[in-house]
Amino acid sequence: MAGNVTISASRGELLHRLAGGICQKLGAPASSPGRELAFQILGALVIGFGVGVFNFVVEHSMYAICKGLENRKIIRRICPSIAVDFALHYRTGSFLGVSLSYVPVGFFLTRYRAGFLNRIGFHFDPLGMLIFQWAFMFLHDWWFFTVHYMMHKYKAIYMRFHYMHHKSGGDLSVFSTGFMEWADLLATISFFHGFVMTWLYWQRPMWNAAALLWYFACENAANMVGHCGYDLPHWLTTALSLGSLGTPWSQNAQIHYVHHLDPRYNKSLYFTWWDQLVGSHRSTHRLMERDRARYDAKGDLIEVEPRAEVKSS
């Protein structure tokens, strides 16, 4: 049984009142274009930092799951000999990067809110939701690989926009997912999500919020699994990624870990075929092989070594 829920644009009345109050403080008439602009800016900030808060909660939840499984000796770190830093700056950096990168998307949504809110529906259609998810994950992986490849190809771009994401090296954790420059996140993730929302804007007569939420959930889960830094069995990779990394051609935590040890390889996000096409795919790394020989499946540490040195391009 499928059902539709239509949401009225009056939900933004609170922001309208707040925008009107700001205009009054600034001495601008409440009915002036300034009120609408203030509303759009406030809406952009609310949406951007709302996404940041949600991502912050999901990151900590994923970390708690992985840490709990590690404590029970069910999983271990990919390279147990590399010390892991869960410093606060990784968490706050991830929060700010994600939040700021979604402010432009929030501005777009607020600016054209009537077109979205007047035609929003919630339709539980499993087949349609899966088609939507896989189609846009395929397109996003191509977009991400292209932009990511260019960032690593040109040193100046890498150092200015992408180096921050590779500072962690081998001590990769789920908090590394969004730990990058906001412009990096905007170019690789948020811009594409803006494209998705633009495509939805032109859908008639109604667009399905359930499909969009499912796509975002799968994409976010896959990204965090890829950055978790744990040697996950296939069943757990599939479960934590909501099935999106369960195919034979999908990425996993080990493959993306190689990229953070040696950024020349594995530049795609969800699938392996783009790297295989250009010859930059690697399934393992010498440090990973070294630790496989040193540690058992429970990850009992013999020694903790300094953070691995990684290449910068």
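Among the residues of segment 61-87, which ones are over 20 Å from Lys167 (Cβ atoms) and either touching a residue at least 12 places away in the same chain (Cβ under 8 Å) or not in a helix (DSSP H, G or I) (or both)? First the steps, then the outcome.
Taking segment 61-87 first, the residues over 20 Å from Lys167 (Cβ atoms) are 61-62, 64-76, 80.
Across segment 61-87, the qualifying residues are Met62, Ile65, Cys66, Leu69, Glu70, Arg72, Lys73, Ile74, Ile75, Arg76, Pro80.
Among the residues of segment 205-222, at least one is surrounded by fewer than 17 Cβ atoms within 10 Å (Cβ to Cβ) and either over 14 Å from the mean Cα position of the chain (by Cα) or not assigned by TED's automatic domain parsing to the domain that holds Ala135 (or both). With respect to the stated conditions, Leu139 fails to be closer than 19 Å to Ala222 by Cα, surrounded by 15 or more Cβ atoms within 10 Å (Cβ to Cβ) and assigned by TED's automatic domain parsing to the domain that holds Met164. Selection of segment 231-264 for residues being in a loop (DSSP other than H, G, I, E, B) and surrounded by fewer than 20 Cβ atoms within 10 Å (Cβ to Cβ) yields Pro233, Leu242, Gly243, Gly246, Thr247, Pro248, Trp249, Asp262, Arg264.
Test Tyr295 against the criterion of being touching a strand residue (DSSP E or B) at 6+ places or on another chain (Cβ under 7 Å) and either surrounded by fewer than 20 Cβ atoms within 10 Å (Cβ to Cβ) or charged (D, E, K, R) (or both), and give yes or no. Outline the logic, then answer.
Numbers: touching a strand residue (DSSP E or B) at 6+ places or on another chain (Cβ under 7 Å): yes; either surrounded by fewer than 20 Cβ atoms within 10 Å (Cβ to Cβ) or charged (D, E, K, R) (or both): yes.
Spelling it out, Tyr295 is indeed touching a strand residue (DSSP E or B) at 6+ places or on another chain (Cβ under 7 Å) and either surrounded by fewer than 20 Cβ atoms within 10 Å (Cβ to Cβ) or charged (D, E, K, R) (or both).
For the residues His227, His281, the requirement of being crowded, with 22+ Cβ neighbours inside 10 Å and touching a Ser or Thr at 6+ places or on another chain (Cβ under 8 Å) singles out His227.
The values are calculated or read from the model by the stated rules, or taken from the named source; none is laboratory data. Everything numeric in this text was worked out from a predicted model, so none of it was measured. With ideal geometry, Cβ positions are generated from the backbone for all residues, glycine too; neighbour counts draw on all protein chains shown.
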